[in-house]
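Contents: one structure, followed by commentary.
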Amino acid sequence: QDVVVYKKQDLQEIFQNTHLLMMNDNEASEVLKRLEIKNLKEILLLFPSIKIIVETRGPDGSYLLTREEEIYVPAMKPEKIVDTTGAGDSYKAAFIHSYLEGKDWKQCAQFATEISTKVIQKNGPQVL
């Protein structure tokens with residue numbers, strides 16, 4: 001969300017040392033604008049350290065991009081939406097948790113989707 005405070009040079013410095021780039025669709029759009037590029041694939045070309053880009057799209061699921069593959073993971077349909085607070089943060093935490101457990105990218109995104117779907121069905125950002 002704070003991507004709007006960064007200039008092109010700031011993003012370039014940050015991305016030089018980034019391995020896993022996660023952002024929502026609004027942030028991705030802003031990053032593309034600030035870097036003056038047209039699509040996420042160009043980020044992988046410009047920054048060799050980045051292994052994967054994960055773009056979350058709310059009710060439209062998530063999009064994963066590596067040099068080898070593109071993966072779309074659809075959103076899960078919640079029984080009801082109570083509060084979306086913490087959905088993005090829980091997605092990121094669950095994705096990283098799965099990654100550290102050795103899961104593949106798609107499994108990471110599926111687990112993250114499951115957890116963030118549970119979060120939006122409760123009041124506040126906690127699943128419990």
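The values are calculated or read from the model by the stated rules, or taken from the named source; none is laboratory data. Everything numeric here is computed off the predicted structure, so don't read it as measured data. Because the Cβ atoms are built from the backbone with ideal geometry, glycine has one as well, and the counts that use them run over all protein chains shown. All accessible areas refer to the heavy atoms of the entire protein, side chains included, with ligands and DNA or RNA removed. Shrake-Rupley method; radii C 1.70, N 1.55, O 1.52, S 1.80 Å.
What the table shows:
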| quantity | calculated |
| --- | --- |
| Hits in region 69-128 - residues which are open to solvent by less than 90 Å² (accessible area, probe 1.4 Å), among the aliphatic types (A, V, I, L, M) and in a helix (DSSP H, G or I) | 87, 93, 94, 96, 109, 112, 115, 119 |
| Filtered residue count, region 50-59, keeping only those that are open to solvent by 50 Å² or more (accessible area, probe 1.4 Å) and under 16 Å from residue 22 (Cβ atoms) | 3 |
| The one condition in (1) crowded, with 17+ Cβ neighbours inside 10 Å; (2) without any contact (Cβ under 8 Å) to a residue 40 or more places away in the chain; (3) under 24 Å from residue 110 (Cα atoms); (4) touching a Ser or Thr at 6+ places or on another chain (Cβ under 8 Å) that residue 27 fails to fulfil | (4) |
| Close pairs from region 6-21: first more than 19 Å from residue 64 (Cα to Cα), partner open to solvent by 60 Å² or more (accessible area, probe 1.4 Å) and among the basic types (Lys, Arg), Cβ under 6 Å, at least 6 apart | 8/34; 11/34 |
| Those helices (runs of 4 or more DSSP H) lying entirely in region 1-57 with at least 1 residues of a type in the set (Gly, Ala, Ser) and modelled with pLDDT of 95 or more | 25-35 |
| Answer from 113, 84 - the residue that is modelled with pLDDT under 95 and farther than 22 Å from residue 15 by Cα | 84 |
| Every pair of residues 6+ apart whose Cβ atoms lie under 9 Å, when the first sits in region 92-104 and is touching a residue at least 24 places away in the same chain (Cβ under 8 Å) while the second is in a loop (DSSP other than H, G, I, E, B) and of a type in the set (Gly, Ala, Ser) | none |
